[in-house]
1. How many residues does region 367-410 contain that are at pLDDT 90 or above, out of contact with any Phe, Trp or Tyr (no Cβ under 8 Å at 6 or more places or on another chain), part of a helix (DSSP H, G or I) and among the hydrophobic types (A, V, I, L, M, F, W, C)?
2. Please pick out the residue among I45, I102 that is in contact (Cβ under 8 Å) with a residue 60 or more places away in the chain, crowded, with 17+ Cβ neighbours inside 10 Å, β-branched (V, I, T) and not assigned by TED's automatic domain parsing to the domain that holds D403.
3. Looking at region 81-112, which of the residues that are part of a loop (DSSP other than H, G, I, E, B) and small (G, A, S) is modelled with the highest pLDDT?
4. For region 308-360, how many residues meet the condition of being part of a helix (DSSP H, G or I) and either within 19 Å of the chain's Cα centre (by Cα) or within 25 Å of G214 (Cα to Cα) (or both)?
5. Find the residue count for region 65-79, including only residues that are closer than 18 Å to T41 by Cβ and buried (at least 17 other Cβ atoms within 10 Å of the Cβ).
6. Failed condition for P53, given (1) touching a His at 6+ places or on another chain (Cβ under 6 Å); (2) surrounded by fewer than 18 Cβ atoms within 10 Å (Cβ to Cβ), with all others met?
7. If V239 passes every condition in (1) in a helix (DSSP H, G or I); (2) on the phi < 0 side of the Ramachandran plot but one, which one does it miss?
8. Select, from A133, A181, A138, the only residue that is hydrophobic (A, V, I, L, M, F, W, C), over 20 Å from G263 (Cβ atoms) and at pLDDT 90 or above.
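The values are calculated or read from the model by the stated rules, or taken from the named source; none is laboratory data. These numbers come from a predicted model, not from an experiment. Heads up, the Cβs are rebuilt from the backbone with ideal geometry, glycines too, and the neighbour counts pull from every protein chain shown.
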Amino acid sequence: MSTVHTRAALPRGLLVARAWSELGDSVAPLSNAAGRPLARTVKLILDPLVLRPVLNPCFAAGTVDIEHVDALRDRITQAGPVLAATAAWFVVLKKERRRAGITDGNPQDLYFQRSFELASEHGHPQPDASRRAAAVLAEIHGQDGPTMARLREFVTDPGTVGELAELLETAWMGPSIRPSAASVRPGEFLATCSTRPDRGLFKALVADLAGTRGAVELDRSGAALACGLTDHDRPVRPVIGLIASTKTLPKPFDRSIVERLAGPVTKYRDVLPDVGTLVRREIARSAGPWQLSDESGRVVMVLGGEASVPLAGGPADGAAARLRLRWEREAYVQRVLRMPSAVPDRVRADVHDVRAAYLRRLWVRLHGREVRRDTVVADEVWDLLDGVLRSVILDQRDRLRSDLERQALGALS
């Protein structure tokens, strides 16, 4: 009888927490009540700036092989001085933020990596720390363009509330566009777009309203739901809204106007128009095919919809075949397909619903480009289609790692 040897490994989260605890109170501003690093500390500081799993794949999984345990601990403890300085700079930035009356954005998202930069360059805060912090805040918050605070003020202004409600109602009462029969097939462009994108063919798809035509089916019962774009049987008219949490946004078609703009305002405010223009454009966009306003983006949604069908199996060629190859060579995907009962329920759901996750992420990418007035051209289509799948895979890997870490910690306790 043969013996199966398994490599000894420990939960990565447990190892990180133990190494972190050795740093003591100096990193308390970056820690939770239990003394562990905050989730954002891991995501924004430890992973990208200290452990760097892309360059050190031995630290990338949910468990760490026993021979790499000391290396992981050493990475964190050796970074102790700069992490302590990072925590101190974060406190200074928050204090300066309060003094300046700034309320826009999450301080951890905005300042964690900037605190690490300040710590790496200047060490612990010195007497001139307030001046340096004010300069950093001015750089972050002093950009031109809209902010979430201005957005909320605009949509609640008594002088605009009625106008916005009327604009929304009128936009959604408009006649549906019924394009004529197709003269160009999306599959023709997908056949070669990953290697030789045909610019003329892509322009023909746009001129032929292939994207608008492909959106017609979304009004049918369950179609948009199956695409992962809504939790309703059919898309419903959005509300204007008031608040938005980018961590808990609804499906794209279920978001309020304010929620649709939260991501772009947070990420791209320096290239966006004034708040009034931004809101009025979004109201019009919400009533368009695919709830997008640019036909090139609508065409890409159709291309993505067709290219992502084979992710669940079936024949594929061209761009669709390359996407499926990337998907199927993922170890966790292979494990779900071979041994579905051996993985957490959420991982199985991620794998089986990958097309919905893919189309949802593709819509978010295209919507962000539209808000920035960045039109898609033929040469960018494959990078966009492929990049969306890579992003979905990374998200699923992170969720899988978190699930396995929680399971391992539960077993140990």
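1. Going through region 367-410, the residues at pLDDT 90 or above turn out to be 367-393.
Checking the rest, the ones that are also out of contact with any Phe, Trp or Tyr (no Cβ under 8 Å at 6 or more places or on another chain) come to 367, 369-370, 373-376, 379-380, 382-387, 390-391.
Cutting the leftovers down to part of a helix (DSSP H, G or I) gives us 367, 369-370, 379-380, 382-387, 390-391.
From the residues that got through so far, the ones that are among the hydrophobic types (A, V, I, L, M, F, W, C) too are 382, 384-385.
Residues flagged as at pLDDT 90 or above, out of contact with any Phe, Trp or Tyr (no Cβ under 8 Å at 6 or more places or on another chain), part of a helix (DSSP H, G or I) and among the hydrophobic types (A, V, I, L, M, F, W, C) within region 367-410 amount to 3.
2. Details: I102 fails: in contact (Cβ under 8 Å) with a residue 60 or more places away in the chain.
Sole residue among the options that is in contact (Cβ under 8 Å) with a residue 60 or more places away in the chain, crowded, with 17+ Cβ neighbours inside 10 Å, β-branched (V, I, T) and not assigned by TED's automatic domain parsing to the domain that holds D403: I45.
3. Here the answer is G101.
4. Here the count works out to 26.
5. 5
6. (1)
7. (1)
8. A133
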